[in-house]
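What follows is a structure written as C-alpha cells; I'll ask about it next.
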Amino acid sequence: MTQELLTPQGLGGLVFLAIGAATVIGALIAVNAKSLIRAVTGLCLSLIGVAGLYYFLNSPFLALMEILIYVGAVGVAIAFAVMLAEPEQGDKPGRAIGLGPFFGFIGGGMLVWGLVVVGLKTKWPAAAVKINTGSMLAVGKALLGSYSMVFELISVVLLMAIIGALALGRRGRD
Amino acid sequence: MDILNLSSHLNTYLVVGAFLFGAGFYGLINRPTLIGMLISIELVMSGASLNFMAFNHFLAPDPVMGQIFALFIMGIAAAEAAIALSIIMAVYRNYKSIAAEDLNDLKG
Amino acid sequence: MDSELIRVIAFLVGIIAFAALNAAYLVWLERKGAAHIQRRIGPKEVGPFGLLQPMVDGIKLMTKQILIPDGVDPVLFRLAPILAMVPAIMSFVTIPFSETLVARNINVGLLMIFAFASVNVLALLLGGWASNNKYAVISAARAVSQNIAYEIPMLITVITMVMITGTLNLNEIVAQQPNISQWYIFRFSASPLMPVAFLIFFICSLAETNRAPFDLGEAESELVAGFHTEYSSMGFGLFFMGEYANIVIGCSLAVVLFLGGWQDPFGLYPGVWWFLLKLYLLIFTVIWIRWTFPRTQFYGLLNLSWKILIPVSMFNLLLTAGFLKVF
C-alpha cells in the first residue's frame, strides 16, 4: 500500500481526496456558519476545491479561470458587501429552532439522494471518438468560431450587469 | 473500491456535484439574510457547472462544449452576484437590515 | 524513489529558499537605498555594510510574542497571513529562471500567476476584517478597491501581450525574444506603444503589491499600519514576506514579458545571470520609486486607474490588434 502511494498516481489520488474533502467541507461551512464572513470563506474554499476538480477533469484553463473569477472577484465582492452591510454578526436572537432547518435538511437530503441514485444507476453511453483535444487552443477557436454567439451573449449580459450595478449604486447619491 | 483512483470515475464527480447542489438548497432555505441566500445560490451553480464538466470529460464527443458552457455559467454567476449585491446595498440603505423577514412593506 | 519526485522536492526547497532570502535581503536593499536617497547611511553596524542586519531582524521577529487581541475572529485572523503568503510562493513555480531552470513549465503559466494574485485580494480583506479594529477595516476596504481597480489595466495589457506572443507558456514567451531588438518592449512592429504598455504594466504591478506611492493600504502616517495593525511577530512577518514575494513575482513577470527573460541582449551567453540582473534592476527601480514620489490622495489613485490607465490600455489593445492584422 505504501509502495503504490509513493508513485505519482498514488500521490495524485491523495491530492484528489484532499481537494474533494476541501470542496465538501467548504460547502458545509458556507451553509452552516454563524457569521457571514466565515460563510464567505467557506464558499471560497469550496470554489478552490471545485477548481482543483476541474484540473483533474483535464482543463487547467477552466480551473484557473474559476479561481480568477469566482474567488478573486465574486468572493471579494460578497465579502465587501458583508463588511458594508452587516456590522453585527450572528443570527438574530430569539429565532426559535423551528421546523425550517429540519425541512431544509430533509429536502436537501432527498435532492442529493435522488440525484446520486439517478447518476449512479444510469448506464451512460460513452462517446466513441473525441472530435478535438479540448485544449485551450480548441476552446479559443470554438469561442470565436462556431460558438461565437455565446461569446457575444455573455458580453451583452456582463455589460447590462455593469450598467445595472452603476444605476443602482447612483441612487444613493441624490 | 480503490480509493486512490477515484478521479478517473464519473460517479465521483456526480456525487460531489449533487452534494454541492443539496448543500446550496439547504442554505437557501435556512439562511435568514439575503447575502446568505446569495452564497447558497453560488453553491448551487457550482454544483451544476461541475456536473457539466464531468460529463464533458467522460462522455462528450466534443470536449470544448462543456468548457464553454462552464465559462458561460461563470460569467452569468459573476453578473448575477454583481447585480444582487447592488440590490442588497440599496435595500440596506432603505431598511437598515438584510434579513429577509424585515422586508415586509408589501405584506398584508 | 522517483527522480521526478526528487526534482519536485528540490525545486520546492529552492523556491522557498529563494523567496525567503529575497524577503530578507530586499529589506536590506530597501533600507540602504532609502538611506542613500535621504543622504544618510543606513544599517552599518551589524556585519560589513550591515549585511547581517536582516538575519538579526529575523531573529528578533521570530522571538516576539504572538499577540492575539480580544474579539478577533480566531480562525480568520490566523488564516489571512497564510492566504497572503501561499499564492505568492506558488506563483514561483512557473517563472523561467533560465531555459531549464523552471519548476514546472505549465502551459497556462501566465494565467496561473494572475489567478493567484487575485486570491491575495481576499487575504487582505479577511486580514482587515478579522482584526476587529476600525482602522484595519477602512484600510482593507481601500486596499481592496485599489487592487481591483488596478487589476483591470494589468489584465488588458497582458491580453495585448498574449495576442502578440500567441502562447501563455512563459518559457516560450522568453524563447521568442532572442536579442535586444526582439525584446517585446522594443517590438514596434507589433505596436508603436510598446514602452507605454510596459509602463502601464509596471505601474499596475506596483499598485497590485500595495507598494508606494500606492501604499494607502498601509499608510504609515494615517492609519497606524493599515490592515496589518493587529498582527505581531510571525503574522506580520508572513504579510511582509508575501509583499516582497509579490514584488519579485511582478518584476519577474515584467522581465519575462517585456525584457527578454533569461536571454542575452546580443544572443551569445543566455543564462540565469541575465534574468537575475534584469530582475534586480527592476526591483531597485521599485525601491527607488518608493522613496522618491509622495503619496497621492485616494481619489487621485483611483482616478489614475479608471480615467487614465484603462482608456490608454484599451486603446493600445485595439491598436495592437490593428497592427497585427495589417502587418
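The values are calculated or read from the model by the stated rules, or taken from the named source; none is laboratory data. The shown structure was predicted, so the numbers you read here are calculated from the model rather than taken from an experiment. In this analysis, Cβ positions are derived from the backbone assuming ideal geometry, glycine residues included, and neighbour counts consider all displayed protein chains.
Anything in region B:1-25 that is over 12 Å from the mean Cα position of the chain (by Cα) and surrounded by 22 or more Cβ atoms within 10 Å (Cβ to Cβ)? List them, or say none.
B:13, B:14, B:16
Let me confirm something: among B:89, B:37, B:53, which residue is over 23 Å from residue A:130 (Cα atoms), surrounded by 18 or more Cβ atoms within 10 Å (Cβ to Cβ) and over 12 Å from the mean Cα position of the chain (by Cα)?
B:89
So is residue C:146 part of a loop (DSSP other than H, G, I, E, B) and surrounded by 18 or more Cβ atoms within 10 Å (Cβ to Cβ) or not?
The answer is no for residue C:146.
Residue C:120 passes all but one of (1) surrounded by fewer than 23 Cβ atoms within 10 Å (Cβ to Cβ); (2) part of a helix (DSSP H, G or I); which number fails?
It fails just one condition, (1).
While we're on this one: Going by the structure shown, is residue B:54 in contact with a Gly (Cβ under 8 Å, 6 or more places away or on another chain) and facing another protein chain (nearest Cβ under 7 Å)?
Here the answer is yes, as residue B:54 does meet what is asked.
Mind checking which residues of region A:14-57 are within 7 Å of chain B (Cβ to nearest Cβ), buried (at least 21 other Cβ atoms within 10 Å of the Cβ) and over 18 Å from residue B:53 (Cβ atoms)?
Across region A:14-57, the qualifying residues are A:30, A:31, A:36, A:39, A:40, A:43.
Tell me which residues, restricted to region C:153-182, are part of a loop (DSSP other than H, G, I, E, B) and either buried (at least 22 other Cβ atoms within 10 Å of the Cβ) or touching a Phe, Trp or Tyr at 6+ places or on another chain (Cβ under 9 Å) (or both).
Answer for region C:153-182, where residues must be part of a loop (DSSP other than H, G, I, E, B) and either buried (at least 22 other Cβ atoms within 10 Å of the Cβ) or touching a Phe, Trp or Tyr at 6+ places or on another chain (Cβ under 9 Å) (or both): C:168, C:176, C:177, C:179.
Consider residue A:120 against the criteria (1) within 7 Å of another protein chain (Cβ to nearest Cβ); (2) loosely packed, with under 14 Cβ neighbours inside 10 Å; (3) part of a loop (DSSP other than H, G, I, E, B): it satisfies all of them except one. Which criterion is unmet?
(3)
Specify which of the listed residues (C:285, C:292) is part of a loop (DSSP other than H, G, I, E, B), polar (S, T, N, Q) and in contact with a helix residue (DSSP H, G or I) (Cβ under 9 Å, 6 or more places away or on another chain).
Criteria check complete, one pass: C:292.
Hey, can you tell me all the residues within region A:58-69 that are touching a residue at least 12 places away in the same chain (Cβ under 8 Å) and either among the β-branched types (Val, Ile, Thr) or more than 7 Å from every other protein chain (Cβ to nearest Cβ) (or both)?
If the condition is that a residue be touching a residue at least 12 places away in the same chain (Cβ under 8 Å) and either among the β-branched types (Val, Ile, Thr) or more than 7 Å from every other protein chain (Cβ to nearest Cβ) (or both), then A:63, A:67 are the ones that fit.
Further question on the same structure: Identify the residue in region B:1-13 that is in contact with a helix residue (DSSP H, G or I) (Cβ under 9 Å, 6 or more places away or on another chain) and not in a helix (DSSP H, G or I) and, among all such residues, is nearest to the other protein chains (Cβ to nearest Cβ).
Among those residues, the one meeting the criterion is B:2.
Still on this structure: Would you mind stating whether residue C:308 is under 20 Å from the mean Cα position of the chain (by Cα), at pLDDT 90 or above and part of a helix (DSSP H, G or I)?
No; evaluated as a whole, the condition is false for this residue.
Ok, one more. Can you run down the residue pairs with Cβ atoms below 7 Å, 6 or more apart or on separate chains, where the first is in region C:16-40 and within 18 Å of residue C:237 (Cβ to Cβ) and the partner is in a loop (DSSP other than H, G, I, E, B)?
C:28/C:51; C:31/C:42; C:31/C:43
Please work out if residue C:4 is assigned to a helix (DSSP H, G or I), more than 25 Å from the chain's Cα centre (by Cα) and charged (D, E, K, R).
So residue C:4 fits the description; yes.
Which of the residues that make up region B:14-34 are at the interface with another protein chain (Cβ under 7 Å from one of its Cβ atoms), out of contact with any strand residue (DSSP E or B) (no Cβ under 9 Å at 6 or more places or on another chain) and either more than 19 Å from residue A:110 (Cβ to Cβ) or among the polar types (S, T, N, Q) (or both)?
B:30
Same structure again: Please work out which residue is farthest from the chain's Cα centre (by Cα), limiting yourself to region C:105-137 and to residues that are closer than 27 Å to residue C:4 by Cβ and of a type in the set (Gly, Ala, Ser).
Here the answer is C:109.
Another one. Check off (1) at pLDDT 90 or above; (2) surrounded by fewer than 21 Cβ atoms within 10 Å (Cβ to Cβ) for residue C:246 and give me the number that stays unchecked.
Unmet for residue C:246, out of (1) at pLDDT 90 or above; (2) surrounded by fewer than 21 Cβ atoms within 10 Å (Cβ to Cβ): (2).
Right, next: If a residue must be part of a helix (DSSP H, G or I) and crowded, with 24+ Cβ neighbours inside 10 Å, how many such residues does region C:124-141 contain?
The number of residues fulfilling the criteria is 10.
Got a number for residues in region B:77-108 being within 7 Å of chain A (Cβ to nearest Cβ), within 30 Å of residue A:136 (Cβ to Cβ) and in contact (Cβ under 8 Å) with a residue 12 or more places away in the chain?
Residues in region B:77-108 being within 7 Å of chain A (Cβ to nearest Cβ), within 30 Å of residue A:136 (Cβ to Cβ) and in contact (Cβ under 8 Å) with a residue 12 or more places away in the chain: 2 in total.
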